[in-house]
Amino acid sequence: MSWLSGKGDSPAGNTSTDMLRVELPEQLEAVTGQWRQEGLKIALVPTMGNLHEGHLALVEAAQNEADRVVCSLYVNPTQFGEDEDFERYPRTLEADITLLQEAECDVLFTPDSRVVYPNGLDNAVHLVASPDLAASLEGANRPGHFDGVVSVVARLFNMVKPDIAVFGEKDYQQLLVIRRLVEDLGYRIRILPVPTVREPSGLAMSSRNNYLEPLQREAASHLQTVLQETASRVKGGQAEMKKLELEAEIKLEQHGLRVDYFAVRCSEDLAIPQKGDRHLRILAAVWCGNTRLIDNVFVKRVGICKI
């Protein structure tokens, strides 16, 4: 393990501007174990790197809720499909280190696959995400994705042993899947959601935005516009849900976006809304060229309930 600021040479010597980088669970435990003995609350921010302002918002939220923050950086192969972008997923370790130092993160945990899957990917124990949350929307379009997510998140929970784990609402279905993981496996971890951070155009910040050309960014910004327009109509009960979903898909396609799904669902469990359901999420996934983007908005329905 190594101090990245050069100001300290041991966990006990950590100052607010020091950040320790560790690669092995025993190195991590040497630090977090001491924190737990001191009664300090630990927050985990799991990431796949290529950090941006959205990730830094997660770190800030963690700092507001905990005494110490661990940020993990690991590009998890088990949550990528066969034809997805695992090999070309942006890996920017040095830039990520600089951003986390400036954000005053306490520990950066950078395990490799031999640490996360010590018996190899083919022989690893794989968890299965809760089907009622994971089978639709993202799960239907990316089979096995959420199984990979819960398999790696459970491993990170076991290694870091945090009191709090922080996740962004941009990946809303993932947030619900992880909450269920915590509940079902009895982890004593509070899941802290953080609102989506957006570019000035309204486009949700994502590492995959780096794939977009300028004209594609302009087209992609229409995703949030259509989500907000639909949310306003859902809020007032102006039309049937299926009709709103279809009209939204048509609008997105007119802007050159290919739609995987556009769906109005119950915020709590992603069920199809019934007449009495008020707290809803509108979730969407689109392709802009070869780049897949997801986003969602919350809406509280107050108008006439139409299904």
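The values are calculated or read from the model by the stated rules, or taken from the named source; none is laboratory data. Keep in mind that this is a model prediction, so the values were computed, not measured. All Cβ positions, glycine included, derive from the backbone under ideal geometry; neighbour counts span all protein chains shown.
Just a few scattered comments:
- There is at least one residue in region 234-248 that is under 25 Å from Pro143 (Cβ atoms) and buried (at least 22 other Cβ atoms within 10 Å of the Cβ).
- Residue pairs meeting the criteria (Cβ under 8 Å; at least 6 apart or on separate chains; first part of a loop (DSSP other than H, G, I, E, B), in region 89-104; second of a type in the set (A, V, I, L, M, F, W, C)): Tyr89/Met48; Tyr89/Val75; Tyr89/Phe80; Arg91/Val75; Thr92/Leu51; Ala103/Leu56; Ala103/Val59; Glu104/Met19
- Residues in region 166-201 that are in a strand (DSSP E or B) and either of a type outside the set (A, V, I, L, M, F, W, C) or touching a residue at least 40 places away in the same chain (Cβ under 8 Å) (or both) were compared, and the one that is farthest from Leu283 (Cα to Cα) is Arg190.
- Against the numbered list (1) touching a helix residue (DSSP H, G or I) at 6+ places or on another chain (Cβ under 8 Å); (2) modelled with pLDDT under 95, Tyr211 comes up short only at (1).
- Residues of region 122-137 satisfying the condition of being within 16 Å of Asn76 (Cα to Cα) and modelled with pLDDT of 95 or more: Asn123, Ala124, Val125, His126, Leu127, Val128, Ala129
- Matching residues, region 16-33, being free of Cβ contacts under 8 Å to residues at least 40 places away in the same chain and loosely packed, with under 15 Cβ neighbours inside 10 Å: Glu26, Gly33
- Check on Gly49, in the same structural domain as Tyr187 (by TED's automatic domain parsing), out of contact with any Asp or Glu (no Cβ under 6 Å at 6 or more places or on another chain) and among the small types (Gly, Ala, Ser): no
- Qualifying residues in region 111-160 (those that are polar (S, T, N, Q) and either not in a loop (DSSP other than H, G, I, E, B) or not assigned by TED's automatic domain parsing to the domain that holds Val22 (or both)) - the one surrounded by the most Cβ atoms within 10 Å (Cβ to Cβ): Ser151
- Within the set Val226, Val259, Val264, the sole residue that is assigned to a strand (DSSP E or B), under 16 Å from Cys288 (Cβ atoms) and outside the structural domain of Arg142 (by TED's automatic domain parsing) turns out to be Val259.
- Residue within region 174-191 that is within 23 Å of Val31 (Cβ to Cβ), more than 18 Å from the chain's Cα centre (by Cα) and assigned by TED's automatic domain parsing to the domain that holds Glu65 present: yes
- Filtering Thr225, Thr230, Thr196 for residues that are surrounded by 18 or more Cβ atoms within 10 Å (Cβ to Cβ), over 15 Å from the mean Cα position of the chain (by Cα), closer than 19 Å to Phe262 by Cβ and among the hydroxyl-bearing types (Ser, Thr, Tyr) leaves a single hit, Thr230.
- Residue count for region 251-268 satisfying the condition of being buried (at least 16 other Cβ atoms within 10 Å of the Cβ), in contact with a Phe, Trp or Tyr (Cβ under 9 Å, 6 or more places away or on another chain) and not polar (S, T, N, Q): 4.
- Residues in region 49-65 that are outside any helix (DSSP H, G or I) and buried (at least 23 other Cβ atoms within 10 Å of the Cβ): Leu51 only.
- Count of residues meeting criterion [touching an Asp or Glu at 6+ places or on another chain (Cβ under 6 Å) and under 14 Å from Asp96 (Cβ atoms)] in region 19-46: 0
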